[in-house]
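One structure is given below, encoded as structure tokens.
Taken together, the values in this text are just the output of simple stated rules run on the coordinates, not laboratory data. Quantities reported herein were computed from a predicted structural model and do not represent experimental measurements. Quick reminder, even Gly has a Cβ in these numbers, built from the backbone with ideal geometry, and neighbours come from all protein chains shown.
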Amino acid sequence: MLEGLIVSIDAMGGDNAPDIVIKGLEHFLTHEGEGRRARFLLHGNEAELKALLAKCPRTRERSEICHTDMKISMDEKPSQALRRGKGSSMWNAIADVKGGRAGIAVSAGNTGALMAMSLVQLRPKQGVRRPAIAAQWPRKDGMAVVLDVGANVEADAAQLTEFAILGEAFFRALYSKESPSVGLLNVGSEEGKGHATLQLAHERLSQSQLDLNYTGFVEGNDISYGDADVIVTDGFTGNIALKTAEGTAKLIEVFFKEALSGSIWSKFTTGLNALALRRLKKQIDPRRANGGVFLGLNGIVVKSHGGTDAIGFSNAVNIAIGLAESDFQTVISERLEALHDEDDNIGFIA
């Protein structure tokens, strides 16, 4: 039986699973996790996984295979996945968290199916109506956290307030910052901008006595180039922003490659500036921010991008283990209880 911090892995989830999953774990153990006590429960086809583990000795030593022939396809509808998905690699990975066998689950599989299965098995925390997906976001001086980036197409003022609580606790757990700043995404930073839901959420957050470091409205450019640590929005807006940023990063990388290989002189200067260019490439690499976290559930589930590579999956595992080692679930529960006590006292209506 595995001992230590147990991470449950949907080894068959993702565009290139199980290959990138096992390679991602090996990359994590080689570069990030050698001194960590994490162990892995790998849910998937035993024959395929054993063949991959034969080439990844670090992962083989720290893993146990839990065989299943069932997996959820990337284009499967959540309702269909729920009907037929019990016993699949995704379902079983989440079940380990529910049953206490693992501290956290990671999957690069179908986002809708993963959210549906997580909701059914883990249930939202008391005081949370719908969980949110939080994503890390590169910025000029480190990382920010944005939520929701896809779980809730619409969100009322009460949900946006809950997202602020969830995101603030998440940021503190990841980056050990005592009082991260929280901003509400809007079309302008001035008072009076935005629709009624945003105005009501702004009023609620401004009045809160929860000791949140709420700084008010932020604009789209502030996500990457502002001062707010946590940016709160609905899942429709957040998902579009996330996909736009990922596409922009890829486009910049293409432009750089074309510009730096266009002539003999540019190739020469590229060699002279190789170190700086490698640093820049790393800064704009979307894989650094891979790993969306389902916040607000009675258990931790991390969603890796379905099309990521081994480095990206390794980052999602690193995030998962960092959260499992923190007390952010306890902090969230305490904050939510205080928030709803406060709402009852002031008669807040979303």
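Each Cα pair under 8 Å and six or more residues apart adds its separation to the average, and for the chain the resulting relative contact order is 23 percent. Seen from A105, the other residues with C-beta closer than 10 Å to its C-beta sum to a net charge of 0, counting Lys and Arg as +1 and Asp and Glu as -1. FRET efficiency for the E64 to K177 pair, using the beta carbon distance and R₀ = 51 Å, is estimated at 0.90. Each stretch of four or more DSSP H residues adds -39500 (n - 2.57); spread over every residue of the chain, this sum gives -15000 deg cm²/dmol at 222 nm. Each Lys or Arg adds one and each Asp or Glu takes one away; over the other residues whose Cβ falls under 15 Å from the Cβ of P180, this sums to -3.
A simple count of charges around A157, restricted to other residues whose Cβ falls under 9 Å of its Cβ and scoring Lys, Arg +1 and Asp, Glu -1, yields -1. Taking amide H as placed 1.01 Å from N in the peptide plane, the amide H of F217 sits under 5 Å from that of L184, each at least 5 places away or on another chain. Of all DSSP beta bridges confined to the range 124-229, the antiparallel ones make up roughly 55%. Sorted fewest first by neighbouring Cβ atoms within 10 angstrom, E337, E178, E219 come out as E178, E337, E219. Here the extension length gained between Q209 and D156 equals 17.0 nm, from 0.36 nm per residue of separation less the Cα-Cα distance. Under 5 Å from the amide H of S63 lie the amide H atoms of F40, each residue being 5 or more positions distant or on a separate chain, with H modelled from the backbone and absent for Pro and chain starts.
For I72, the residues 5 or more places off, or on other chains, whose built amide H falls under 5 Å of its own are S89, M90. Backbone geometry of the range 186-199 corresponds, through the Karplus equation with coefficients 6.51, -1.76 and 1.60 at θ = phi - 60°, to 3J(HN,Hα) couplings of 8, 7, x, 8, 6, 4, x, 7, x, 7, 4, 4, 5, 5 Hz, x marking Gly and Pro.
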